[in-house]
Amino acid sequence: MKNMRKTIISMLTLLLTGMLFLTACDKKGSEPNEKDAVAHISVVDEKGTPQGGMPVLIYDEEGYEKFQQDRNTEPKGFALTLPDGKVSIRLAYQEWFTAGNRQVTFVIREESDPDNYRIWAIGRTVRAGEQVRVDFTLERPATPEVPAGTLLEMFDENNGQTLFG
């Protein structure tokens, strides 16, 4: 009876130690690693003004192919540019590079409504441990100037002339 009790206590202690060991293990890609790649992204408009708060979507090869068919495809990564229009994104080795070099596509999607949107995309071949620079220049079409004042249409049905009285 005494040996059985010691065996149970030993097993519980061993089980508790194992649980603590497993919870203390490093989670996938949570700590920076010298094999991680870093992408330094800069976003400016056509005048060179930094574009803060711009969403940058990150796709791998397969994800970008799906994105080309459906613009609502979930990205593998996501970041927002800082007020200076820049952001650095760490691509974790465990998540991105265990199979070697990758084609990574960085996308900015600007939507005014579900039917009206603009997309800018830049693809790069990225290696583990590499630092890459990605510079976006968002060229937007010029908006037509609206004439000052109120547009007025007046017709004189009797003689085809408009008179201001």
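Read the figures in this text as sums done on the coordinates, not as results from a lab. Keep in mind it's a predicted model, so treat the numbers as computed, not measured. All Cβ positions, even for glycine, are placed from backbone atoms using ideal geometry, and neighbour counts span all protein chains on display.
Quick one: putting +1 on the C-beta of Lys and Arg, -1 on the C-beta of Asp and Glu, what dipole do you get for the stretch 50-131 around its Cα centre, in Debye to the nearest 20?
Working: 10 positive and 13 negative charges, 73 e Å.
Roughly 340 debye for the stretch 50-131.
What is the local net charge at LYS76, summed over the other residues whose Cβ is closer than 12 Å to its Cβ (Lys, Arg +1; Asp, Glu -1)? Show your work: numbers first, answer last.
Details: positive: LYS66, ARG102; negative: ASP60, GLU61, GLU62, GLU74, GLU95.
So the environment of LYS76 carries a net charge of -3.
What does the net charge come to around ARG140 if you take all other residues with beta carbon closer than 14 Å to its beta carbon, with K and R at +1 and D and E at -1? The partial results should precede the final answer.
Details: positive: LYS47, ARG109, ARG118; negative: ASP45, GLU46, GLU110, GLU111, GLU139.
Combined, the nearby Lys, Arg, Asp and Glu give -2.
Counting only other residues whose beta carbon sits under 9 Å from that of PHE97, what net charge do I get with K and R as +1, D and E as -1? Walk me through the intermediate numbers first.
Values: positive: LYS35, ARG102, ARG127; negative: ASP36, GLU95.
In short, +1.
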